[in-house]
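Undergrad: Got a structure for you, questions after.
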Amino acid sequence: MDTTPAAPPSPPLGNVPEYAVSEIAGAVRRTLEGAFGRVRVRGEVCEAKRYPSGHWYLSLKDENAKLESVIWKTTVPRLAIQPENGVEVIATGRITTYADRSKYQLVIDRLEFAGAGALLARIEMLRKKLLAEGLFEDSKKRPLPRLPVVVGVVSSEAGAVIQDIRTTIARRFPRHVILWPVPVQGQGAAEKIAAAIAGFNALRPGGPIPRPDVLIVARGGGSLEDLMAFNEEVVVRAAAASAIPLISAVGHETDTTLIDFASDQRAPTPTAAAELAVPARSDLLADLAQREARLRGAMTRQLRAAETVLLRLERRLPDVPARLTDLRRRLDEAEECLAPALRHFVDRRREALARLPMPHPRAGIAARRGALALLQGRQGAAFARLVQRAQGARALAAFSAAPLASLVREKAAKLAGLSARLEAGSYQSVLARGFALVRDAEGQALTRAAQVAPGAKLSIVFADAAVAATAEGEAPKRGRASRKAPAQESLL
């Protein structure tokens, strides 16, 4: 038996209306949109994600709550900033519901940073990140060219910035200026600025568009939000990677952006950037004139010093023309003395030769014959002693003097030949042919007529005997003709 108590009867519904789920969702949506309308919400971005469809889904949170939000893809290009986790922003939009999940959300159509503090915190965080990567090191800074031919400018084509740069360059030193127009604030400005820097670096030298020698990235002053494009990471990296020296001139003198740390040179204003890019022609001319004056002065001093040295050396040098004249005179004097000196030298040699003892060849031959006779006598004595000493008749009979006689005959023939040669070379033979030998009183041979004085006693030797004589006439004159006359023979 079922002891379960029966269910109590349902109370009557009365006058409570009945709604469908979609009716409730629509009513809640209309209530939220009517009560809030368009709102501005401040909070920190979290869970930000962009889907392939192009929509952004994110949440805004504070210390007590979290509000889911969405940015439709048609709104994304018009945003001033892109959603980034951890950044405090102010989102403007409308509150609506998502009926499929019974959620409410904020549809964002405008996004901006929540005050300068949040911007500065974001900039500082990016600065520390890039600093750790070494993008701001001084070793990567490139020197600016002394006189660039082409100046590239990345800036807006509207406004006073490009006009100031062109005017300043034309006033200081006219150069070719190429402008790459870009937006300098707003959505997509950072990407276009980076693309312009990379585009200038991609130009080829000698191409249809000349490659700049220096780049200027510039814009006028503005708020921190207006300058945020030059604090974006893509711009800073493009400036650090530029192979062309880059000058940043963003804002006023007190404004500092991250591109200033990555650029090769920072200028406080666009006008100052143009002054850094090209030198002043007047300054160059003045510097050139000063260098010219210094160079001329240095050359003048060097020439004067060299002239002083040459003058000192000139004083030490002898008088070359006078020395040459003196040497020519001495040479002429030596030439005049040479012929008499040579003649006197030959005369002295002849006199010395005449004073030498000259024995008569006959005396020599007689002496040689006497010596030969002596040897023959000694030969006979020696032969006799050999015979006496011989033992036995056979030995004595066997001994013969034939070899000795043959040797004697050979030596006698040789002696006769030498005697004939001596007789042929003797001056006695010359005398025998009709010549005569003249001697002075002291017996010295006279070889020149100049040696004979008038009235001198002479001895004339003929082949058979000598005859005394006396010189007559005048003494011969000495001069140039006497030097040219042939030498007198000593044998007449």
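All of the numbers you see were taken from the coordinates with simple rules; none came from a lab. Note that the structure is predicted; figures quoted are calculated from it, not measured. Please note: Cβ atoms are built from the backbone with ideal geometry, for glycine as well, and neighbour counts cover all protein chains shown.
Undergrad: What trypsin sites (Lys or Arg not before Pro) does the stretch 94-173 have in DSSP loop regions with at most 12 other beta carbons within 10 Å?
TA: Sparse-neighbourhood loop trypsin sites (Lys or Arg not before Pro): ARG146.
Undergrad: Now for a different question. Helix 361-389 versus the longest principal axis of the chain: what angle, 0 to 90°, nearest 10, using Cα atoms?
TA: Around 80 degrees separate the two axes.
Undergrad: By average Cβ neighbour count within 10 Å, what is the ranking of 441-453, 231-243 from highest down? Write out the running numbers ahead of the final one.
TA: Details: 441-453: 14.7, 231-243: 20.2.
So the order, starting with the most tightly packed, is 231-243, 441-453.
Undergrad: Provide, as a two-decimal number, the C-alpha radius of gyration of the stretch 142-282 over 2.2 N^0.38 Å, N being how many residues it has. Please report the intermediate quantities before stating the final value.
TA: Numbers: Rg = 13.6 Å, N = 141, 2.2 N^0.38 = 14.4 Å.
Computed over Cα atoms of the stretch 142-282, the ratio equals 0.94.
Undergrad: Looking at the chain, identify the longest residue range that excludes and avoids all chymotrypsin sites (Phe, Trp or Tyr not before Pro) in DSSP loops having at most 15 other Cβ atoms within 10 Å. Mind dumping the intermediate values first?
TA: Values: sites that count: TYR19, TRP72, PHE399, PHE462.
It works out to 73-398.
Undergrad: Place a +1 charge on the Cβ of each Lys and Arg in the stretch 21-113 and a -1 charge on the Cβ of each Asp and Glu, then give the dipole magnitude about the Cα centre in debye, rounded to the nearest 20.
TA: The dipole of the stretch 21-113 has a size of about 300 debye.
Undergrad: So which of LYS73/LYS128; LYS141/LYS192; LYS103/LYS129; LYS49/LYS140; LYS49/LYS141 end up more than 26 Å apart, counting from Cα to Cα?
TA: Those over the limit are LYS73/LYS128; LYS103/LYS129; LYS49/LYS140; LYS49/LYS141.
Undergrad: Hand me the GluC sites (Glu not before Pro) from the stretch 109-213 located in a DSSP loop with no more than 13 other Cβ atoms within 10 Å, in residue order please.
TA: Values: sites: GLU112, GLU124, GLU133, GLU137, GLU157, GLU191; in loops: GLU137, GLU157.
Qualifying residues, ordered by number: GLU137, GLU157.
Undergrad: Please work out whether the stretch 225-359 counts as rounded, prolate or oblate from its C-alpha gyration tensor, where a ≥ b ≥ c are the square roots of the eigenvalues and a/c under 1.5 means rounded, while otherwise a/b larger than b/c means prolate and anything else oblate?
TA: Judged from the Cα gyration tensor, the stretch 225-359 comes out prolate (a/c at least 1.5, a/b above b/c).
Undergrad: Search the structure for amide H atoms under 5 Å from the amide H of ILE178, placed 1.01 Å from N in the peptide plane, and list their residues when 5 or more places away or on another chain.
TA: VAL151, GLY152, VAL153
Undergrad: For the stretch 168-174, take each phi angle, set θ = phi - 60°, evaluate the Karplus expression 6.51 cos²θ - 1.76 cosθ + 1.60, and give the result in whole Hz per residue in order, putting x for glycine and proline.
TA: Once rounded to whole Hz, the list reads 5, 5, 5, 6, 7, 7, x.
Undergrad: Okay, helix-only estimate at 222 nm for the chain: each DSSP H run of n ≥ 4 adds -39500 (n - 2.57), divide by all residues, round to 500 deg cm²/dmol; what do you get? Walk me through the intermediate numbers first.
TA: Numbers: 14 runs with 226 residues, N = 492.
Helices in the chain give a 222 nm mean residue ellipticity of -15500 deg cm²/dmol.
Undergrad: Would you give the gap between the C-alpha center of the stretch 258-329 and the C-alpha center of the stretch 142-187, rounded to a whole Å?
TA: 36 Å
Undergrad: Through the Karplus equation 6.51 cos²θ - 1.76 cosθ + 1.60, θ set to phi - 60°, convert the phi angles of the stretch 280-293 into ³J(HN,Hα) values in whole Hz; use x for Gly and Pro.
TA: Values per residue, Gly and Pro as x: 7, 4, 4, 5, 5, 5, 5, 5, 5, 5, 5, 5, 4, 4 Hz.
Undergrad: Let me ask something else. Which values of log₁₀ I(q)/I(0), to two decimal places, follow from the Debye formula for the chain at q = 0.07, 0.08 Å⁻¹ with a uniform point scatterer at every Cα?
TA: Taking Cα atoms of the chain as identical point scatterers yields -0.74, -0.84.
Undergrad: I would also like to ask the following. Which lysines have a Cα less than 27 Å from the Cα of LYS414, not counting those fewer than 8 places away in the same chain?
TA: none
Undergrad: Any aspartates and glutamates with Cα under 19 Å of the LYS66 Cα? List them, leaving off those in the same chain fewer than 8 positions away.
TA: GLU33, GLU44, GLU47, GLU84, GLU88, ASP109, GLU112
Undergrad: Hey, which lysines would be in cross-link range of LYS457, C-alpha to C-alpha under 29 Å, not counting anything within fewer than 8 residues on its own chain?
TA: LYS477, LYS484
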